[in-house]
Every structure is written in C-alpha cells, then in structure tokens.
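Presented below is the structure to which this report refers.
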Amino acid sequence: MGNSASHGTSESSDRRDHILDVAERLFADRGFAATSMRQIANAAGVNVATLYYHCDNKEHLFLALHERVIATMAAIVSEALSEGGDFLQLAEKLMDSVVDFLARNPAICRLLVRSDLGELNTVRGSIRSTSRPLYQLVYGELKHRADRGEIRRVDPATFLAGATGAIFYMLMALHQRSEDGKVDERALKLVQEQARHFVFGAVVLDATASGAKSGSDATTAGEA
C-alpha cells in the first residue's frame, strides 16, 4: 500500500515537471498572453482537467515555473558563496556558473527577459516575492564585502538589475548564433568573460581592479 502511494506521488510529480517544461517552452516562444492553458495541455499530452489539477490558472503555472528557476539559481549562488575566497574569485565562479546555466537553458533566459519587460504585470508582486530569497543572498554578500572594504558600496537593486539585463541580452545574442540548439562554446566563454568584466567594473575598488588587470596582463604576456 505504501509503495503504491509513493509510486503515485512520484508519477504525479513527474507529470507536473513535464507540464512545467512544456509551459516554459511555450511561454518563452509565444509569450504569456499568447499562450492558452489548452495549448499547454495539448502540447504536454494531457487533458485540460489534468492541467488544472496541477495549477489553478495560467498565472499560477507561470509562478510555479518562476519559483523553480529561482530555486535553481539560488542553489548556484549558495554553492559559490559556501566556497568562500576573495571577491574576485567568488564573482568569477558565480558569473561563469550563472551564465553557463542560462546559456544551456535558452527558454529560461527568454522567459526571464519577458518577465523583466513587464509582460506579466498581473503577477509582478508575486514574482518579486518569489525572487526575494535569491536577491537577499546577493544583497547580503555585497554588503558583507563592502563592510570589509573589498568592494565599493552600490545600490544592490540597481546593480543586480544592470547585471542581469546585460547578461540576458548577451545570452540572447549567443542563442541567435547557436545552431540546432547547440551552444557555441567559444562564444559562451566570451559572454562569461564580459559578464565578469561588468561585475568587476561596477563594484571592484580601483586598486583591486588594477591588481586584477595587472595579473591578467602578466598571465597573457607569459602565455605569449
């Protein structure tokens, strides 16, 4: 009896994940307003009643998607923070990991861009609430590093909006160049490098930035 219940729960969870995967792709490709619940149900191979069993409406479906993305990104940030190190090392690892994740999941990137552009004003408050744990991780680390004199103080909301906007649009250009869904690894490395430059330029103290640049120049010269 217990095994049967466990199997049913697992099957229901798998079906919900499948529905979310399909909705993610349709919302990203067509937009939120242009995608109906019936279209999602048809594409997922389930009836509309099953879809409404898992999500009350289209807004709740998007919020479930958004929560899943934020949870994944929060895990990436938490892992980077747990390893410690100086700010330059941390920022490099974090930017590389986030960019790699979004580069290999283009539908997520397009979905977040649509959200940022205000396509989902009806659930904007809920989106902010869902995003808060991730933002608090980043805000707390920026404050901690600034208190220690490692970086300059910045308005965290403005900084994060600028960083995510720059990364999103660099990745959209990368996705347009990709063939058959395959990531151009060389182009990906360039996007990661540009993302790091954006962060370093925005928050790193001049002396630290100069030291990092000198070290980079020395490495380049040594390789030459």
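No lab work stands behind these numbers, since they all come straight from the coordinates. Not measured: the values here are computed from a predicted model. Note: ideal-geometry Cβ built from the backbone for every residue, glycine included; neighbour counts use all protein chains shown.
What ranking, highest mean first, results for peptides 170-177, 143-150 when packing means the other Cβ atoms within 10 Å averaged over each residue?
Working: 170-177: 15.5, 143-150: 13.2.
The peptides rank, most packed first, as 170-177, 143-150.
In what sequence do Tyr169, Tyr139 fall when counting other Cβ within 10 Å, fewest first?
Listed from fewest to most nearby Cβ atoms, that is Tyr169, Tyr139.
What nm distance separates the two modelled labels at Asp155 and Ser10, each placed 7 Å from Cα along Cα→Cβ?
With each label point 7 Å from Cα toward Cβ, the separation is 5.1 nm.
How would the chain be classified by its alpha-carbon gyration tensor: rounded, prolate or oblate, with rounded meaning a/c under 1.5 and the a/b versus b/c comparison settling the rest?
Verdict is prolate for the chain.
If you take the charge dipole of the chain about its Cα centre, with +1 on Lys and Arg Cβ and -1 on Asp and Glu Cβ, which of Ser10, Leu51, Leu102 is farthest toward its positive end?
Most positive-ward Cα: Leu51.
Kindly provide the helix-only [θ] at 222 nm of the chain, computed as the sum of -39,500 (n - 2.57) over DSSP H runs of four or more divided by all residues, to the nearest 500 deg cm²/dmol?
Using -39500 (n - 2.57) per qualifying helix, the result is -27000 deg cm²/dmol.
Please compute the Kirkwood hydrodynamic radius over region 18-60, one decimal place, Å, based on all pairs of different Cα atoms.
Computed over Cα pairs of region 18-60, the Kirkwood hydrodynamic radius comes out at 10.1 Å.
Once you list every other residue whose beta carbon is under 13 Å from the beta carbon of Ser78, what net charge do they have if Lys and Arg are +1 and Asp and Glu are -1?
Residues close to Ser78 contribute a combined charge of -2.
Calculate the FRET efficiency for Val48 and Thr122 from the Cβ-Cβ distance with a Förster distance of 22 Å, rounded to the nearest 0.05.
Numbers: r = 21 Å, r/R0 = 0.94.
So, using R0 = 22 Å, E works out to roughly 0.60.
Of the options Asn121, Tyr135, Ala71, report the single residue whose Cα projects farthest towards the positive end of the charge dipole of the chain (beta-carbon charges: Lys, Arg +1; Asp, Glu -1).
Working it through, the farthest residue towards the positive pole turns out to be Asn121.
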